[in-house]
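Trainee: Please find one structure pasted underneath; my questions will follow.
None of the figures in this text is laboratory data; all of them are computed from the coordinates on show. The structure displayed is predicted, hence computed values, not measured ones. Here the Cβ positions follow ideal geometry from the backbone for every residue, glycine too, while neighbour counts run over all protein chains shown.
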Amino acid sequence: MPGAMLGLSIAVFSTRVDWWRRAAILGFLGAIGWGFAGTASYGLLIGYSQGGSWTNSMYGYTGLFIVGALYGGIGGALLSMGLTAPRSVLDRYLWPMILLYCVWMLSDLLGWKAWSLELFAKSPERPTETSWLYDTLWLDAAIALTLFSLLWALVPRWRAATGWISLLSLAWFAGMFLLVGVTGFRINPSRGDAWAGCAGMLIAWLLFYWTRSNRAAVLLTCYGCLSGGAGFVVGEFIQALGKAKWGPIGSFPVLQEFGYWTIMEQTLGAMMGLGISLAIIRLVQGNVAVPTEDSPSSWFDSFALFILLGVLFVFNFRTNYRFWLDTKMVNNDTMNLPSGTVLSCVAMVILGLLAFAIFRQRRGLLNIAPTTTLGKAQLLTILLLWMVMAIYMLLPRIGLPTSLMFLFELTTGTFLLLCVDSKPLVNTMVSEKANESADWRLGRGYFLLCVLVPIAIAGIAWLTMRLELPAKQMRF
């Protein structure tokens, strides 16, 4: 959800018609990109950062920086494809992605996912020792590698897409094998190390863009890395302040009612979004080239719309259902049928109606969407924002102050979306620059910030040790 909201927001606020036109695609790619690194475990890293020594705390913050950098970097890489790739290139990924998702869903229904997790589960005799593939989505990566290798051989016109996704799957396994299996580098022992697979994928994306001299994409990816890492560190420090009831938080009871874990996550998202936005501002002001619309097909837009308003909602709503079962808000059976089965049928009806509406809209038989590209992008973004709010409000154990904070943020975002000027920005002062232009090189300021990262982490760890926090997890 966060990646989708970021991608759509960038499209709307960019003031560029070409990106307005691709709003649904940018939201879809953002959802995929920022979803990958979400598989990385970081609970122990938070415990380390609040540990009983400066070394322990600094290690925890460093681990969080790595996870945050992967989070923002992969998201920026996927978003870059939507912003810079020709339409014909994006179209080649449509059917391969649909086939992959269907196979993933089938494997889940057949119980293969549960089997894959059990295969590398912890041994009761040695609970602190884990395999290098423990608690990872290795089966999904293996399915992608196998499926796209076959499609590469059988469908020549898809080879550009299937070949690249096969290489990404290999990069995931390479990262896991080299960083965890060979070197034994585990940032949070006894937990899953999916971060290593994400690291392999991020390196693959950077090499992909570098070999094609796509400096605009490298710029956006690197900004995402730095801002994502910094956002996780700052967000966790704010959570530590809340947990310790530091200063005004301890003095004013109302500040203690907020969920500081949620504030940590939202700080990560805010700083990561800020970093991506700074890169986008640089690209817009520098007048980066308009991506080529060399294909008349718009099926990718329709597919992205179906995912954003349908599949994404159903996928995230499963979390609510699990919470309802745990808190006994919903019985296991409804009308002598498993409640999960009943809700699955409801979800299929909703998805069917959405698909029917999109089909009629494409045929010109339904006039439910605005006629302008900006209007469509605004409507889609607002619908997604409030869909997120509906899912969030239906979660139990969410305090009212935290919910009100989230409501305020979404209301502010909606207001800003409604204030976007309908006239696109036409930059006549700066000539259009290709993605390969030297203008998109990373500046000295970026590298200076990278050098300052270890110093900042050391300082934040030192400040954390001055707080009254119980040490729960010790790495050293």
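Trainee: PHE120 versus LEU467, label points 7 Å from Cα toward the beta carbon: distance in nm?
Mentor: 3.3
Trainee: Taking amide hydrogens as modeled 1.01 Å from N in the peptide plane, which residues meet the under 5 Å criterion relative to LYS433, leaving out close sequence neighbours?
Mentor: Answer set, sorted by chain and number: VAL288, ALA289.
Trainee: What is the packing order of peptides 319-327, 141-149, 376-384, taking the mean over residues of other C-beta atoms within 10 Å and listing the highest first?
Mentor: By packing density, highest mean first, the sequence is 376-384, 141-149, 319-327.
Trainee: Could you check the spin-label model distance between VAL182 and ASP108? Points 7 Å from the Cα along Cα→Cβ, value in nm.
Mentor: Roughly 3.3 nm, to one decimal.
Trainee: Would you please name the GluC sites (Glu not before Pro) within the stretch 182-289 that are DSSP coil residues with at most 15 other C-beta atoms within 10 Å of their C-beta?
Mentor: none
Trainee: Roughly how many whole Å is it from the C-alpha centroid of the stretch 344-363 to that of the stretch 152-168?
Mentor: Each part's Cα centre sits 30 Å from the other's.
Trainee: Return a whole-number percent for the relative contact order of the chain, with Cα pairs under 8 Å and 6 or more residues apart as the contact set.
Mentor: 27
Trainee: Taking Cα centroids, how far is the stretch 302-332 from the stretch 204-222 in Å?
Mentor: Going from one Cα centre to the other spans 35 Å.
Trainee: At 0.36 nm per residue, and after removing the present C-alpha to C-alpha distance, how many nm does the segment from CYS419 to LEU354 gain when stretched out fully?
Mentor: So the chain would gain 20.6 nm between CYS419 and LEU354.
Trainee: Ranked highest first by the average count of other Cβ atoms within 10 Å around their residues, in what order do 452-462, 25-35, 105-115 fall?
Mentor: Put in order of decreasing packing, that is 25-35, 452-462, 105-115.
Trainee: Can you work out the Karplus-derived ³J(HN,Hα) for every residue in the stretch 19-30? Use 6.51 cos²θ - 1.76 cosθ + 1.60 with θ = phi - 60°, whole Hz, and x for glycine or proline.
Mentor: Residue by residue, the stretch 19-30 yields 7, 4, 5, 9, 4, 4, 5, 5, x, 5, 5, x Hz.
Trainee: Provide the packing ranking of 442-450, 65-73, i.e. peptides ordered by the mean count of other C-beta atoms within 10 Å per residue, highest first.
Mentor: So the order, starting with the most tightly packed, is 65-73, 442-450.
Trainee: While we're here: Local charge sum around TRP440 (other residues, Cβ-Cβ under 12 Å, Lys/Arg +1, Asp/Glu -1)?
Mentor: For residues surrounding TRP440, the net value is +2.
Trainee: Based on the alpha-carbon gyration tensor of the chain and its eigenvalue square roots a ≥ b ≥ c, which shape applies: rounded if a/c is under 1.5, prolate if not and a/b is larger than b/c, or oblate?
Mentor: Rounded.
Trainee: Sum -39500 (n - 2.57) across every DSSP H segment of at least 4 residues in the chain, then divide by the residue count to get the 222 nm mean residue ellipticity, nearest 500.
Mentor: -22000 deg cm²/dmol
Trainee: Let me ask another. Roughly how many Å is it from the Cα centre of the stretch 436-476 to that of the stretch 22-71, as a whole number?
Mentor: 13
Trainee: Give a residue-ordered list of calculated ³J(HN,Hα) values for the stretch 281-291 (Karplus: 6.51 cos²θ - 1.76 cosθ + 1.60, θ = phi - 60°; whole Hz; x for Gly, Pro).
Mentor: Once rounded to whole Hz, the list reads 4, 4, 5, 5, 5, x, 6, 5, 4, 6, x.
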